1. Find the relative contact order for the range B:249-331 and round it to a whole percent, using C-alpha pairs within less than 8 Å whose residues are 6+ positions apart.
2. Would you mind working out the magnitude of the charge dipole of the range B:8-184 relative to its Cα centre, with +1 at each Lys and Arg C-beta and -1 at each Asp and Glu C-beta, to the nearest 20 Debye?
3. Roughly how big is the protein assembly as shown's charge dipole about its Cα centre, with Cβ charges of +1 (Lys, Arg) and -1 (Asp, Glu), in debye to the nearest 20?
4. Which entries of B:Lys180/B:Lys280; B:Lys159/B:Lys311; A:Lys2/B:Lys230; A:Lys142/A:Lys311; A:Lys159/A:Lys311 show an alpha-carbon separation above 19 angstrom in the structure shown?
5. Rounded to the nearest 5, what is the percent of antiparallel bridges among the DSSP beta bridges in chain B?
6. Quick one: work out the % antiparallel among DSSP beta bridges in the range B:4-78, nearest 5.
7. When only Cα pairs under 8 Å and 6 or more residues apart are kept, what is the percent relative contact order across chain A?
8. Among the DSSP beta bridges whose two residues both lie in the range B:257-331, what percent are antiparallel, rounded to the nearest 5?
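What follows draws every value from the coordinates through simple rules; no lab data is involved. No experiment lies behind these values; they were computed from the predicted model shown. Cβ sites come from the backbone with ideal geometry, for glycine too, and all protein chains shown count toward neighbours.
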There are 2 protein chains.
Amino acid sequence: MKKILNNPADYVDEMLEGMVAAHPETYAQPVRRVIARAAGTKKGKVGIVTGGGSGHLPIFTGYVGTGLLDACAIGDVFASPSAEQMAEAIRLADGGAGVLRLYGNYGGDVMNFDMAGEMAEMEHDIRTTTVLLTDDVVSAPKEEAEKRRGVAGMVYAFKIAGAAAERGDDLDEVTRIAQKTADACRSIGMALTPCTIPQAGKPTFEIGETEMEMGMGIHGEPGIWRDAIKPADEIAEEMLERLMADQPLAKGDRISILVNSLGATPAEELYILYRHARKKLDALGVEIVMPLVGRYATSMEMTGATITVIKLDEELESLLKAPAECAFWRV
Amino acid sequence: MKKILNNPADYVDEMLEGMVAAHPETYAQPVRRVIARAAGTKKGKVGIVTGGGSGHLPIFTGYVGTGLLDACAIGDVFASPSAEQMAEAIRLADGGAGVLRLYGNYGGDVMNFDMAGEMAEMEHDIRTTTVLLTDDVVSAPKEEAEKRRGVAGMVYAFKIAGAAAERGDDLDEVTRIAQKTADACRSIGMALTPCTIPQAGKPTFEIGETEMEMGMGIHGEPGIWRDAIKPADEIAEEMLERLMADQPLAKGDRISILVNSLGATPAEELYILYRHARKKLDALGVEIVMPLVGRYATSMEMTGATITVIKLDEELESLLKAPAECAFWRV
């Protein structure tokens, strides 16, 4: 296991301790495995919480910050946090105007977050709503889009809903905008090498030395095909085609695009992917707004990339461009 | 070769094309393999140029931006750009107040940049100065510190000298401050896995499945020892001890520290390293200012980390904290 760690059982707690120590002006950990804004939630502001497994930085905890999230419950690597931790996150995010639970569609997270919502409503009288990200187009067919997993589309949802909450929108409005953002996002991934969960000590999957897998999920969930690595332009072409088959794009549409590394794939190669995506979208007459190229949602040291497209209208675009700040991203 | 690319010979040009396309408000490529500020150098401002091989994003090209660099000449992966490209970078960086060449101490780069300086002086009457980064403590003994290689200390040099130039300091003053910054930086690296140069198609070195190498350079230059992977706290401890043996730190000193991934090592593990470094420095009574944890100077998909410490005085600290902006970093 080629990782820099101490006892694998301490991986998450030591990571969180280091993260809070490095950025005390941004993050606090008032309860174990719950990260909240160091400054707390403003009184009267709608709170936004998320949660999920560790190992995806900046997702999830990294996006706690101004114009973004208020709190986050974080589990073991690739494992759901407990309902109790999620309820603590809701409590910490509460500024008296209700709390939106905004997270990815994974069985364990949904079960625990539903329970956490009930706990928060019963014990603390906090009104909560839920929006689930289901942006991974490969994880279920379009007719069952509600079964899809949530991946890097979360970044757009955190940003846009976060901006709506920050400007003072009420819970129903923040929830409406978050759902609209989730509905406008489509993502697809591809992987070249796996990562290793510290406590498992072995790679999450096996793949040949010259193979890639198209459509693979961020935890190594099976994709569409596995074959010899294709040229970057062909990879980008197929990923965009599959996204556009699910959500057509036409001349005059405005989108943002996130070309994201799963961890080990370097920025150099993301820009090679972006280059082709840009050419293709330019040729279609689609306007790209605020493209994001980098590591926004990772799986530790996994090699591979994801592409997310969000179709914008004026409302989403202005919220996307609003100021935001966390230790990993500043707009 | 587990990389996302088209023809390996096009890796650098396609990467630069994608980078400029993604961030046209920041970067321009007026001459092939020379990146300059999209807005150009302000008239009357001292220009700062750098240069070196590709494959280290954000180093070198990524740091072109306000409060940072004015232009950069970029070579093939891990190879020096030509003297002509460097001379073009100098010409593009010139705002009429002279140009500082600020880069890492590598044979090919030094030879070509010296030649480029002569060309710029002769052909365009541009006064130039040079400051070399020699922060890698393992690459030569202290008595021959001028022979050391430059690594992630460059990030501090670009930031601090860039702030001095941006506020209007003259060439002699920017050069003095850059040299003072270079003198205050110490770095050390460790590696777990190599990377692959696209045109070579095979890893830069071989290393066992459970081995690490302490002190290895960013191109795979030999380090101090190779052995079974140690716990993160021991790794951080040894790295800091070696840095402090070269530049002692005492109670009351103010430093900044950069815990940097060579590429594949995830943010999670950088924070585990930072956690121990912070504890150790806290115990010594050393004050950490603006710690940097992330990917600031990489070797594509190499696994490993570097730690840089810069000892600050009031002048360096205020310049470090001054505003700066490029596509990879905003202060």
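1. Averaging sequence separation for qualifying contacts and normalising by length gives 43 percent for the range B:249-331.
2. Numbers: 17 positive and 27 negative charges, 97 e Å.
The dipole magnitude comes to about 460 debye.
3. 680
4. B:Lys180/B:Lys280
5. 60
6. Of those bridges, close to 50 percent are antiparallel.
7. Across chain A, relative contact order equals 18 percent.
8. Taking every DSSP beta bridge with both residues in the range B:257-331, the antiparallel ones total about 60 percent.
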